[in-house]
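Values in this text are rule-based calculations from the coordinates and carry no lab data. Remember, predicted model here, so these are calculated numbers, not experimental data. Positions of Cβ are backbone-derived with ideal geometry, glycine not excepted, and every protein chain shown enters the neighbour counts.
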Amino acid sequence: MNPFQSPIGTHDVLAPESALWEGLVATFAQYAYRFGFTLVLTPMFEEVGVFNRGIGEDSEVATKEMYVFQDRGERTYALRPEGTASVVRAFVQHQPTTPYKGWYVTPAFRYERPQAGRYRQHHQLGVEALGSDDPALDVEVIALAARFYRALGLTRVRLLINSMGHDECRGRYVDVLRGHLEEHREQLCDEHQRTWSHNPLRVLDCKKEPCVSVTDDGPSLPDFLCADCASHFASVRRGLDQLGIESVLEPRLVRGFDYYTRTTFEFVADALGNAQNAIGGGGRYDGLVEQLGGRPTPGIGFGSGIERLLLARAAEDVTSPLINRTIDVFVVDTTGEDVATALVDELRAAGYAVERGFDGRSMRSQMKLADRSGARAALLVGPQELAAGQITIRDLRSDDFEQAQQRVARENIVGALREHLNK
Ligand code: HAM
C-alpha cells in the first residue's frame with residue numbers, strides 16, 4: 001500500500017476525466033460571458049467572520065462543517081465552504097460599479113460524511129450579481145443555469161423555486177412556524193427537538209421523516225409574503241414562463257444559509273435518485289452586503305457542483321466530450337538525431353496538438369505509444385527518411401497498410417499533414 005492517499009472525502013482527477021472538467025468549466029465560462037458576467041477570483045480562505053456572518057453562525061455548515069484554523073500569526077481563518085460570502089466581501093472591499101456580475105470556479109470545503117455526490121472538497125461553478133433587485137435579474141441568473149445544464153446535455157432536470165420574502169414577512173412566518181413546532185415538538189427528530197425554537201427554518205430543511213411530516217402540516221411560507229415580495233415572486237415566475245423554463249413551487253425550499261431573502265431555487269437531477277440530486281442552488285441575498293459591512297445592496301446568485309453535474313451526465317448516459325482533448329499527431333523518431341524536437345515545434349506552431357516518443361525507444365515501442373495516444377496520424381522519421389529529407393505520414397485509424405502510408409518532403413510536412421487530416 002502507498003504511504004499516502006488523497007484525504008478522505010477528496011479525489012484526484014486525471015485524464016480522461018479531467019477533460020470533462022475542462023469542458024464543463026469552458027462551457028460555463030462561455031455562458032457566463034454571454035450573460036455579461038466577468039471572472040472573479042478571491043482567496044481560498046477568509047477571516048472566519050466572513051462566513052460566520054455571511055452564511056450564519058448557526059447554519060449547519062458553520063457549526064459542523066467548516067474547516068477553521070489558526071495561522072502562525074494566530075489569526076483565525078476558515079477554508080471557503082461556499083463562494084458567495086467571499087465574493088460579497090470582495091464587493092464591499094472594492095466597490096465596483098453596479099450592477100456587478102461575477103462568475104467563479106472554486107473548490108469548496110465542508111467536513112461532511114463522504115458519500116457518492118457528497119465530498120469534503122467539492123468544486124462549484126457559480127455566479128453572483130449585485131446591485132439590482134429587478135426580478136428580470138433573478139430570471140437571468142436562473143436562465144443562465146438552465147441554459148448551461150441544457151448545453152451539458154442534461155434533460156432530466158427540474159427547477160424548484162420558492163420565495164422567502166424579506167425580513168418582515170419572513171419574520172411573521174417564522175413566528176407562526178415556531179408556534180406550530182412548539183405544539184408538535186415531541187414529534188421532531190432528536191436534533192430539532194433541541195434546536196427548533198432557535199432557528200425554526202432549519203426544521204423545514206430537515207430531511208428526516210418526523211420533521212418532514214410535522215412541517216408539511218404547518219404554515220406555508222408563500223402564504224405570508226407581503227404584497228411587494230409576492231409581486232416580485234410573481235414577476236420572476238412569469239419571466240421564467242416567458243422563456244419556457246418550467247419551475248415548480250416548493251414552499252419548503254429555504255436552503256441552508258441564513259443570507260437568503262426572496263427568490264430561492266434549486267435544480268435537481270432526477271437521474272440521480274433522491275439523496276444528492278441537487279446539481280445547483282441559489283437565490284437572493286438582499287441583506288448580505290450590509291451584513292458584511294457594505295451599503296445596502298441587493299444580490300442574487302447560484303452555485304453548481306461540478307462533481308454532481310458529471311454524475312448527472314453519467315446517469316443520463318450523456319457522452320459528448322464538451323471539449324476535444326485528444327492529440328492530432330504522434331511523432332516517432334528513431335534516428336537518434338533530435339529530428340523530432342524541431343518537427344514537433346513546427347507542428348505545434350501550426351496549431352496541431354502533438355506528442356512524441358522520448359528516451360530513444362524502439363520503433364515498436366513508440367508505435368505502441370502512438371496508438372495509445374489516440375492520435376489520428378503518426379509521423380515517422382527513421383534513417384531512410386532522414387537520408388532522403390522526407391517524413392512518412394501513417395494513418396493510425398486505417399487498417400489498409402498501403403493506403404495508410406505516404407511519404408512527403410520534410411519541408412512540405414505541415415501542408416501535407418493538413419491535407420491528410422482533412423481527408
Ligand atoms: P449550496 O446549495 O450549498 O449553495 O451548494 C451549491 C451546489 O454545490 C449544490 O447544489 C451541489 O451541487 C454542490 N455541493 C454542495 N455541497 C457539496 C458537497 N459536499 N459535495 C458535492 N457537491 C456539493 C451554495 O454554496 C451557495 N453559495 C449558492 C449560491 C450562490 N447562492 C447564492 N449565490
> Considering the alpha-carbon set of the range 142-185 alone, what are its Rg and its Dmax in angstrom?
Replying inline: 17.6, 48
> Regarding the range 219-319, what are the three Cα extents along the principal axes, ordered largest first, in Å?
Replying inline: 45, 31, 29
> So how many Å³ per residue does the convex hull of the Cα atoms of the range 309-378 work out to?
Replying inline: 112 Å³
> Roughly how tilted is helix 227-242, in degrees to the nearest 10 and between 0 and 90, from the longest Cα axis of the chain?
Replying inline: 30 degrees
> Three principal axis extents, largest first, for the C-alpha atoms of the chain, in Å?
Replying inline: 92, 53, 43
>> Every cysteine in the chain with no other Cys Cβ under 4.7 Å from its Cβ, please list them in numeric order.
In response: Cys189, Cys229
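How many percent of all Cα-Cα pairs in the range 355-402 sit more than 12 Å apart? Intermediate values should be presented prior to the final figure.
Details: 737 of 1128 pairs.
So the pairs more than 12 Å apart make up 65 percent of the total in the range 355-402.
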> Got a sec? How would Trp196, Trp21 order by Cβ neighbour count within 10 Å, fewest to most?
Replying inline: Trp21, Trp196
> Which FRET efficiency value, to the nearest 0.05, is calculated for Leu41 and Glu65 with the Förster distance at 22 angstrom and r the Cβ-Cβ distance?
Replying inline: 0.40
> List the aspartates and glutamates whose alpha-carbon lies under 16 Å from that of Lys101, not counting same-chain residues fewer than 8 positions away?
Replying inline: Glu128, Asp133, Asp134, Asp138, Glu140, Asp286
>> Which log10 I(q)/I(0) values does the range 312-353 give at q = 0.14, 0.16 Å⁻¹ under the Debye formula, counting every alpha carbon as one identical point scatterer?
In response: -0.51, -0.57
> What Kirkwood radius, in Å to one decimal, follows from the Cα pairs of the range 75-168?
Replying inline: 15.9 Å
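For Phe28, Phe69, what ranking results if the residue with the fewest other Cβ atoms within 10 Å of its Cβ goes first?
Numbers: Phe28 25, Phe69 12.
Ordered by Cβ neighbours within 10 Å, fewest first: Phe69, Phe28.
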>> Students often forget the sequence filter, so: which lysines lie under 28 Å Cα-Cα from Lys64 once same-chain residues fewer than 8 apart are removed?
In response: Lys207, Lys208
> Helix 306-315 versus the longest principal axis of the chain: what is the Cα-based angle in degrees, 0 to 90, to the nearest 10?
Replying inline: 70 degrees
> Hey, how many Å between the Cα centroid of the range 239-276 and the Cα centroid of the range 333-376?
Replying inline: 51 Å
> So what's the gap between the Cα centers of the range 3-59 and the range 93-136, to the nearest angstrom?
Replying inline: 8 Å
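Only counting other Cβ atoms within 10 Å, I'd like Tyr352, Tyr285 sorted with the fewest neighbours first. Please report the intermediate quantities before stating the final value.
On the way: Tyr352 18, Tyr285 27.
By the 10 Å Cβ count, ascending, the order reads Tyr352, Tyr285.
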> Could you give the alpha-carbon Rg of the range 336-423 over 2.2 N^0.38 Å, rounded to two decimals?
Replying inline: 1.01
